[in-house]
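Below is one structure, written out as structure tokens; comments come after it.
The values are calculated or read from the model by the stated rules, or taken from the named source; none is laboratory data. The shown structure was predicted, so the numbers you read here are calculated from the model rather than taken from an experiment. Don't worry about glycine lacking a Cβ; one is built from the backbone with ideal geometry, like all the others, and counts go over all protein chains shown.
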Amino acid sequence: MTSRRLPDFIRDRIETILQEWEDFARTIEPPALTMGDHELRDHAHQMLMAFADDLETPQTDPERAAKSKGNGVRDEIDAAAETHAEARLLSGYTVIQLVSEYRALRSAVLALWAREAKDFKPSHMAEMTRFNEAVDQALAVSVARYEMLVKRSQNMFLAILGHDLRNPLGSIMAGATFIAQDTEVPSKCAEVAERMLNSSKRMRSLVNDLIDFTRAKLGPGMPLQPTDNDLVQICEQVVDEIRTYHPDRKVRLHAPSTLAAIFDGDRVSQMLSNLVGNAIQHGDAKTPVVVKVTKESDTARISINNKGVPIPVEQIPTVFDPLVRGANSESKPDEHGSLGLGLFVSREIANAHGGDVLVSSDASEGTTFTVVLPLDKS
């Protein structure tokens, strides 16, 4: 008997295939232990029928190339794969378990087909190739959807955590400030309160970075309240704060007497504090950090330079990615701790103003982060 075409085989033997799928799914613990027959089979039937239809749909070479790159036209396979990923995530499946289901589905179809086949024709090989391409496409879509949902849930958790930390942290800061300013408390208590206040301020900075990170990732972007400001004055304030916070380090500022611009003063101050603090953390303690402010046409440029171990060339493209610089740095971590979000948040602030943050690093010139800001961001 001549073997049936693969799409006909899938339709005729779909119950047998689904049973093998279900048998495999039941071996995945613990999620499968609490799932019924319908949940285990949920989207497999829809995907199998879509695979069969896909095998009978003419496909040009450009269409095949587009599909192989993930640029194919969205179809029922994609819809079923995305829905399946969402259901499996909610059921507690890991991404490895999700991938294993597709491997089992592929194996079930091809093994059963080969078992019943009496002879193979070149057309059957082409059908097998198309089937594998369809499964790979569904797998890629499913994993992408799973990853996106996981990242969204993680960012939402971080956003809620950061928001909920603000109130108790504010209470601690208020209490520490009250004790530190009370002239009737013993001096040792006032010193402890001062340390608590400084630690709380550092915690507040971390929480703010966390909230800004999740805001950028969840879509709304960095909110701005641009007003008329003096960029040089902002730089002076940030440098003075850094000098107070790190009395053992030298920070030099080269700037004109004034530079009027329209920007969000608090956000730019936050950005510069992150960048100068980063230079202090990763720079050579024996050499000064140099902050330079210049004007070029209708833009302002603020460069922050530090000497020391340069950033490896291969790490430059990802230096603004969250959690990257701290993980890759050979320098000692900041004693005050860091979430590794400062550079990411700084670039987001610059981008929100219509500007950017650039970086260059080598052994002779050191590492320089350069902020480019339009002078009129209304």
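Here are a few things to note about the model shown:
- Wholly within segment 250-312, strands (runs of 3 or more DSSP E) carrying at least 1 residues that are modelled with pLDDT of 95 or more: 251-254, 289-296, 299-306
- Near pairs, Cβ below 9 angstrom, 6+ apart or cross-chain, from segment 41-70 (over 22 Å from residue 98 (Cα atoms) and at pLDDT below 80) to any residue that is not small (Gly, Ala, Ser) and not in a helix (DSSP H, G or I): 63/73; 65/71; 66/73
- Identity of the residue in segment 284-312, within 25 Å of the chain's Cα centre (by Cα) and of a type outside the set (A, V, I, L, M), that ends up nearest to residue 202 (Cα to Cα): 310
- Some residue of segment 162-172 being at pLDDT below 85, within 25 Å of residue 89 (Cα to Cα) and touching a Leu at 6+ places or on another chain (Cβ under 9 Å): yes
- One residue stands out among those in segment 352-368 that are under 18 Å from residue 279 (Cα atoms) and under 21 Å from the mean Cα position of the chain (by Cα): the one that is surrounded by the most Cβ atoms within 10 Å (Cβ to Cβ), which is 357.
- Unique residue being under 25 Å from the mean Cα position of the chain (by Cα) and over 16 Å from residue 347 (Cβ atoms) when the list is 315, 270, 281: 281
- Filter result for residue 111 (touching a residue at least 60 places away in the same chain (Cβ under 8 Å) and assigned by TED's automatic domain parsing to the domain that holds residue 80): no
- Of the candidates 76, 86, 147, the single residue that is assigned by TED's automatic domain parsing to the domain that holds residue 28, closer than 23 Å to residue 20 by Cβ, touching a residue at least 24 places away in the same chain (Cβ under 8 Å) and among the acidic types (Asp, Glu) is 76.
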